[in-house]
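Notes follow once the structure below has been shown.
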Amino acid sequence: MPRKIVSSIAAVAAAGLLLSGCTSSTPENGGSTSDGGSSSSSTATFTYAIGGDPMSMNPINLNDRWGLTFANIVYSPLARVEADGTVVNELADKIEPAADGLSVTVTLKDDLKWSDGEPITAEDVVFTYTNKAVRENGNADLLYVGDKPITASATDDKTVVFTLPSISAAAISNIATETYIIPKHIYGEVTDFSVTQLDPAAIGSGPYKLDEYKPGEYLKFSANENYYGDAPHIPNLILQILTDADTVKTALQTDQVSASFVTSAQVAEFEGTNVSTYPYSEGRVAYLGVEAQKPALVDPKVRQALFFALDRTALSDAAFLSDEYYELAYSILPPSNPWATDEVEQYNQDVEQSKKLLAEANVSDLKLTLGYIGTDPAQVAEATQIQEQLAEVGVTVTLSGVDASALYAELEKGADNKFDLFLGGYIMGLEPDAYSALFRTGASANYFGYSNPEVDALFDAGVAELDEAKRGDIYDQIQAKIQEDAVFFPIADNKKIIAMSNTFTGIEEARLVPIYSLENFGKLAVK
């Protein structure tokens, strides 16, 4: 099928598991400005409400939305890949792939410093990538070609050479992914980077530095005077943990917070107020996952039967209000992805086909437990619809709404977890090989217990194929095969909606982006 591939270095973002929790605590200076709205930019505070604590604050292994948001504020990558595939250098001055495709040379910018004033060198880059490539640390998948890691070495203080074990169409993209560089002089003695917290407190190179973190309540930041870019217009930033949608709405309306995600159902409530809303696509796939290892779900006919019972349009309308805020998804890739195909089994609702497949599998009185984030209004709506729709084919679903950390801690147990089905969402960017982290046998984010040697071999072939047309055919096969195996029911690419106080300007300069909300909070300013 024809494709428009936007860049040879495609955008890749980490899995972005959506978080939620529960608190109504308000940190000190928890409003839009330090004096309720009339402060000058030299003393202003921007307070952004987030949906839970970061699941990890260790840049080596974090992959959740709020962990990545934290990292994007405090640390910097070598380069940033925009949603359209454009590469923007950050710590890197130049990124140069070798003619033979087996290495990439990165030259750092001059006079880079950590927030403590120490110089940033090539050794810091090597240190970061070397530790990230350790599989036991939890986030190494994209730094491997086949079963061998990409290695990094410093040739001088400003130059790093990444060496590939073999040619890879995705390697440059995966190196340029937002891997956040950490300081060797701070963390050089750490022996275990599989942990979710690093001690001592974060020393980074981003626009802000972390001053205080109170779990369950807030993270407080101040401008990093050693930042290599333009100094933040607003010197103080707070990530305030508020997880209840109604509490967030009230906090926005009363100027207790400056900005937050809001639901599509809340948009109309901000019309005519001092709060504006900004919907945008993240290239996200909201989905229903099946635990394929569970005895009741081993038979693919049973899984297919569940999918034929579902109406994804009804699910999406319930969760996201109207198609103004979503686009239906049919494969592992979001519909906006240039590699996506809809030439797969779409599982358009067919109740009779569902009942037929259950009968062929000799299954009756099936009872399943569905896990989801209980504080996420969209997932609550999806879960209720799924329960009702599966009841029509004789499947009883028990709903289990928990917080995000509990959901994913349970899923990490594999076949021993208590859920048969679960709701989730991910943002993986444009590079199709990134999705192997979700569906390859034993991959770090393969919560489905999915294993198909044919799909594994196709992922191997796809990453090694440099011809775009041939590569596209391979990823078409991958998408079709995964949908046929029925462990993953894509629902929609739903838009995120940021609501922000009109006290502030600069949202276009700060850039709305996947996962991080704003690419650089330091570009915001007080009117």
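The values are calculated or read from the model by the stated rules, or taken from the named source; none is laboratory data. These figures come from a predicted structure and were not determined experimentally. Neighbour counts run over all protein chains shown; Cβ positions are idealised from the backbone, glycine included. These area figures cover heavy atoms from the full protein model, side chains too; ligands, DNA and RNA do not enter into them. Shrake-Rupley method; radii C 1.70, N 1.55, O 1.52, S 1.80 Å.
Summing -39500 (n - 2.57) over the DSSP H runs of n ≥ 4 in the chain and dividing by its residue number, what mean residue ellipticity at 222 nm do you reach, to the nearest 500 deg cm²/dmol?
The helix contribution divided over the chain gives -7000 deg cm²/dmol.
Note the full-extension length gain between E136 and Q387 as 0.36 nm times their separation in residues minus their Cα-Cα distance, in nm to one decimal.
Answer, rounded to one decimal: 86.6 nm.
Using only the Cα atoms of the chain, what do you get for the radius of gyration and for Dmax, in Å?
Calculated on Cα positions, Rg and Dmax stand at 22.9, 70 Å.
How large is the accessible surface of V363 in square angstrom, using a 1.4 angstrom probe and rounding to the nearest 10?
40
Measuring from label point to label point, each 7 Å out along Cα→Cβ, what is the E212 to D365 span in nm?
Label at E212, label at D365, 5.9 nm between them.
Of A443, V402, F422, whose Cα points farthest to the positive end of the dipole of region 397-512 (charges on the beta-carbon: +1 Lys, Arg; -1 Asp, Glu; origin at the Cα centre)?
V402
Is there a pair in K113/K209; K249/K527; K209/K249 whose C-alpha atoms are over 18 Å apart, and which pairs would that be?
In this structure, K249/K527; K209/K249 lie more than 18 Å apart at Cα.
Among 292-298, 73-79, what's the highest-first ranking by average C-beta atoms within 10 angstrom per residue?
73-79, 292-298
Could you derive backbone 3J(HN,Hα) for region 104-117 from the dihedral phi with the Karplus parameters 6.51, -1.76 and 1.60 (θ = phi - 60°), listing whole Hz in sequence and x where the residue is Gly or Pro?
9, 9, 10, 10, 7, 5, 6, 6, 6, 9, 6, 5, 8, x
Going 7 Å from the Cα of D157 along its beta-carbon direction, which residues of region 177-216 have the amide nitrogen within less than 16 Å of the resulting point?
What the label zone holds, given the 16 Å backbone N cut-off, is 184-185.
Grab the beta carbon distance between A98 and D199, set R0 = 35 Å, and tell me the FRET efficiency rounded to 0.05.
With R0 = 35 Å, the Cβ-Cβ based efficiency is 0.35.
Of V351, I373, P295, whose Cα points farthest to the positive end of the dipole of region 288-385 (charges on the beta-carbon: +1 Lys, Arg; -1 Asp, Glu; origin at the Cα centre)?
P295
Over 5 Å intervals from 0, what percent of Cα-Cα pairs in region 381-453 sits in each interval?
Each 5 Å bin holds this share of Cα pairs: 3, 13, 20, 20, 18, 16, 8, 1.
I'd like the distance separating the alpha-carbon centroids of region 186-213 and region 336-390, in whole Å.
Going from one Cα centre to the other spans 41 Å.
At 1.002 mPa s and 20 °C, plugging the Kirkwood radius over alpha-carbon pairs of region 90-186 into Stokes-Einstein gives what diffusion coefficient in µm²/s?
The Stokes-Einstein estimate is 157 µm²/s.
What's the percent breakdown of Cα-Cα distances in region 291-440 across 10 Å bins, shortest bin first?
Percent of Cα pairs in each bin: 11, 35, 42, 12, 0.
As I understand it, the dipole of the chain uses +1 on the Cβ of Lys and Arg and -1 on the Cβ of Asp and Glu, about the Cα centre. Which of S222, A154, F193 lies farthest toward its positive end?
S222
Nearest 5 percent is fine: what portion of the DSSP beta bridges confined to the chain is antiparallel?
Antiparallel bridges: around 75 percent, rounded to the nearest 5.
Using alpha carbons only, how many angstrom separate the centre of region 218-269 from the centre of region 467-488?
Taking the Cα centre of each part, region 218-269 and region 467-488 sit 39 Å apart.
Using the heavy atoms of the protein chains alone and a 1.4 angstrom probe, what is the accessible area of region 55-212 per residue in square angstrom?
38
Roughly how many percent of the accessible protein surface of the chain is carbon and sulfur, given a 1.4 Å probe and a whole-percent answer?
The computed percentage sits at 47.
Alpha carbons only, please: Rg and Dmax for region 381-527, in angstrom.
19.6, 58
Using packing as a proxy for protection, rank 148-161, 93-106 so that the peptide with the highest average count of other Cβ atoms within 10 Å comes first.
Order by mean packing, descending: 148-161, 93-106.
What length, rounded to one decimal in nm, is gained on full extension from E271 through to A457, with 0.36 nm per residue of separation minus their alpha-carbon distance?
The E271-A457 span can extend by a further 61.8 nm.
Order the peptides 266-275, 427-436 from the highest to the lowest mean number of other Cβ atoms within 10 Å of their residues.
427-436, 266-275
Multiplying the sequence separation of L399 and T505 by 0.36 nm and subtracting their Cα-Cα distance, what value in nm do you get?
Going from the current span to full extension adds 34.0 nm.
Using each residue's phi in region 181-194, evaluate 6.51 cos²θ - 1.76 cosθ + 1.60 at θ = phi - 60° and report the 3J(HN,Hα) Karplus result to the nearest Hz, with x for Gly and Pro.
In residue order, the calculated couplings are 6, 10, x, 5, 5, 9, 10, x, 9, 5, 9, 9, 9, 8 Hz.
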